[in-house]
1. Taking the condition open to solvent by less than 10 Å² (accessible area, probe 1.4 Å), within 22 Å of E36 (Cβ to Cβ), at pLDDT 95 or above and within 9 Å of the ligand (Cβ to nearest atom), does G111 pass?
2. Considering only region 224-259, state which residues are surrounded by 14 or more Cβ atoms within 10 Å (Cβ to Cβ) and at positive phi.
3. Taking the condition of being under 24 Å from T49 (Cβ atoms) and in a loop (DSSP other than H, G, I, E, B), how many residues in region 204-250 meet it?
4. Answer yes or no as to whether A104 is under 16 Å from the mean Cα position of the chain (by Cα) and small (G, A, S).
5. Restrict the check to region 33-43 and report whether at least one residue is open to solvent by less than 70 Å² (accessible area, probe 1.4 Å), in contact (Cβ under 8 Å) with a residue 40 or more places away in the chain and of a type in the set (S, T, Y).
6. Given the conditions (1) in a helix (DSSP H, G or I); (2) more than 25 Å from E45 (Cβ to Cβ), report the number of the one that K253 does not fulfil.
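The values are calculated or read from the model by the stated rules, or taken from the named source; none is laboratory data. Since we're looking at a predicted model, the values are computed, not measured. Ideal geometry is used to build each Cβ from the backbone, glycine not excepted, and the neighbour counts take in all protein chains shown. Just the protein is used for accessible areas: all its heavy atoms, side chains included, with ligands, DNA and RNA removed. Shrake-Rupley method; radii C 1.70, N 1.55, O 1.52, S 1.80 Å.
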Amino acid sequence: MSFETILVESPSAGVTLIRLNRPEALNALNTQLLGELSQALDAAEADETVRCVVLTGSEKAFAAGADIKEMSDKTYAQMFSMDFFTPAARRLEQFRKPVIAAVAGYALGGGCELAMLCDFIIAAETAKFGQPEINLGVMPGIGGTQRLTRFVGKSKAMDMMLTARMMDAAEAERAGLVSRVVAADKLLDEALAAAAKIASQSPLAVMMNKELVNTAYETTLSTGVAVERRLFHSLFAFEDQKEGMAAFVEKRKPDFKGR
Ligand code: CO8
């Protein structure tokens, strides 16, 4: 598969690295890029050997938002019928394997929303998060009003969306938007090491963990805990549970087969 706006690599066993690659536009998200991203995710989902995906941009920008030049002249009818961004967002929402966002530089507007659609965000010290759509006379349109509020709380979300203030990496970590902050020159190494660690685990247990954490956003505590308990029990039907616990007792590394 060959792409023009993204680069897809396999840096280690079980890991797919997707780089957004429109340097001339700070990786602004246009129809072509979103289509190619969806195709690359389809391929990663279908490939049994892929266990984890890392999504990254450049040193200067993860993505500076939806492509303003592509959007600026659109009518309501065109926006409604093309439903720009929804297929890619749905693809990520429904993607069953973990996706790590490795963010350096700007993650603005749709770029911040794209990072929040991933399972967790590792940020370089240079990362800057923002929802500056208000400056353009609009608002977030790919879940930003909802997801950012859940990540950082109402006060910071309102501040960012109404004043267009950017959040630096340190504040993003304090606020719970990102899982960790690393030196800019170590960003990819750290994200790929996290992905390799995930790729070495039982893919079944990984997928169930992911499903259950996401369930926490959609259900009550008691229902979520009840579903967790049932799925915990079900893990004992897999060989990977036997292998993982036997390896601990025998003081060796487990060899998970995904069955
Ligand atoms: N879209 C298109 N082109 C962009 C974008 C963008 N979002 N961001 C940057 N670029 C382009 C610039 O136009 C410029 O191109 P050129 O050289 O041809 O003029 C090039 O990238 C470099 O940018 P700058 O010269 O501006 O670089 P600076 O370092 O001076 O500034 C900034 C960097 C601060 C990131 C600045 O580029 C900026 O403010 N960008 C726009 C940020 C923004 O407003 N993002 C929100 C966009 S709207 C959005 O994301 C809505 C999502 C919801 C869609 C829902 C659909 C259903």
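1. In short, yes.
2. Within region 224-259, G258 is the sole residue that qualifies.
3. Selection size over region 204-250: 1.
4. So A104 passes the test.
5. Yes, there is a match, as at least one residue in region 33-43 is open to solvent by less than 70 Å² (accessible area, probe 1.4 Å), in contact (Cβ under 8 Å) with a residue 40 or more places away in the chain and of a type in the set (S, T, Y).
6. It fails just one condition, (1).
Conditions tested, residue by residue: (1) within 13 Å of the ligand (Cβ to nearest atom); (2) of a type in the set (A, V, I, L, M, F, W, C); (3) at pLDDT 95 or above.
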residue: D47; (1), (2), (3): no, no, yes
residue: V50; (1), (2), (3): no, yes, yes
residue: A66; (1), (2), (3): yes, yes, yes
residue: K69; (1), (2), (3): yes, no, yes
residue: L92; (1), (2), (3): no, yes, yes
residue: L117; (1), (2), (3): yes, yes, yes
residue: I121; (1), (2), (3): no, yes, yes
